[in-house]
Amino acid sequence: MTLVTGVLLVVLPVAFNTLFALLARLFEYPDVLRHPTSDVLARFRAGGTRLLVTWWAFALSAVVFAPAVVLVGSTLEEANPTLVAVGTTVGVLAAVVQFLGLIRWPFLVPYLAREAHSATPARAEAIDVVFQSLNRFLGVAVGEHLGYLLTGTWSVLVGVAMLQGAMFPTWLGIAGLTIGTVLALCSLEFVGPFESDGWRLAGAVTPIAYVLWSAWLLVSGLVLIVGAVMGSR
């Protein structure tokens, strides 16, 4: 099971970042969200089936994170059981909220894009309200705010658990603590006084933090793979 966990931790960040890069190339995501709703939906229509499938796969990458979280918990046998249980619960919740934040794109947005194509001015205004409202609720509040907060918290808890056992090197546990804390702080990007335009520092740090988080997952997976292979000899 350790080998399976390691492989999943390597594949997951690679898939996530590959799909994100595809969305950036096909749809100019996430910068496209700063454009008017009519422009966003027109670009979505122009993306066709390829863009739709890419969004669907990106949403499913969040689902795959859930079993990865459970499997990671099973490798932390030397850590405090309560800590591992809480961490696993938080990690699964992180997967759920990220999925909920993303799934609107392959299922709801196509409908809005079709309707906007030949909408009257009044209907176009209604579509704008629906799109922007769901973007603020599912995208910012659920997917980003709760997603960053829960993913960061899971990383911190796993980092602490890593420090309590011999499966992972100490520096990897410290990396999880550090990166997780930064991700959790990034969840404040649109909270309080930053609700209108966002906290610029958090907006600039978030992409870097996610790249580092992906690298942390990947290295953790490689450590497990090497340990499993060496242990089988």
Value of relative contact order over the stretch 3-95, rounded to a whole percent, pairs C-alpha under 8 Å and six or more apart: 32 percent
Distance (nanometres) between label positions extended 7 Å along Cα→Cβ at residue 24 and residue 3: 3.5 nm
Two-site label geometry, residue 70 and residue 86: point separation in nm, points 7 Å out along Cα→Cβ: 2.2 nm
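Given charges of +1 on the Cβ of Lys and Arg and -1 on the Cβ of Asp and Glu, with all other atoms neutral, how large is the dipole of the stretch 1-117 about its Cα centre, in debye to the nearest 20?
Numbers: 7 positive and 6 negative charges, 101 e Å.
Magnitude of the dipole: close to 480 debye.
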Derived scalar couplings ³J(HN,Hα) [the stretch 176-190; Karplus, 6.51 cos²θ - 1.76 cosθ + 1.60; whole Hz; x for Gly, Pro]: x, 4, 5, 5, x, 4, 5, 4, 4, 5, 5, 5, 8, 3, 10
Note, ³J(HN,Hα) from phi for the stretch 69-76, Karplus 6.51, -1.76, 1.60, rounded to Hz, x at Gly and Pro: 4, 5, 5, 4, x, 6, 8, 9
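Add +1 for every Lys or Arg and -1 for every Asp or Glu among the other residues with Cβ under 12 Å from the Cβ of residue 46, and state the total.
Details: positive: 43, 45, 50; negative: 28, 39.
Neighbour charge sum, excluding residue 46 itself: +1.
At a threshold of 8 angstrom on Cα-Cα distance, excluding pairs fewer than six apart, so keeping six or more, what relative contact order does the chain reach in percent? Intermediate results must be reported in sequence, preceding the final value.
Details: 295 pairs, mean separation 59.4, N = 233.
With pairs under 8 Å counted, the relative contact order is 25 percent.
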Under 15 Å, Cβ to Cβ, from residue 145 - net charge with Lys/Arg +1 and Asp/Glu -1: -2
Percent accessible area from carbon and sulfur atoms, the chain, protein chains only, probe 1.4 Å: 70 percent
Given (i) 32, 18, 17; (ii) 36, 19, 14; (iii) 27, 21, 16, the label whose value is semi-axes √(5λ) of the Cα gyration tensor in Å derived from this model: (ii)
Degrees, to the nearest 10: 147-163 long Cα axis against longest axis of the chain: 10 degrees
In range of the label at residue 124: residues from the stretch 22-39 whose backbone nitrogen is under 18 Å from the point 7 Å along Cα→Cβ: 35-39
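The values are calculated or read from the model by the stated rules, or taken from the named source; none is laboratory data. Note that this is a predicted model, so its numbers are computed, not measured. Cβ: placed from backbone, ideal geometry, glycine included. Neighbour counts: every protein chain shown. Side chains included, ligands, DNA and RNA excluded: accessible areas come from the protein's heavy atoms. Shrake-Rupley method; radii C 1.70, N 1.55, O 1.52, S 1.80 Å.
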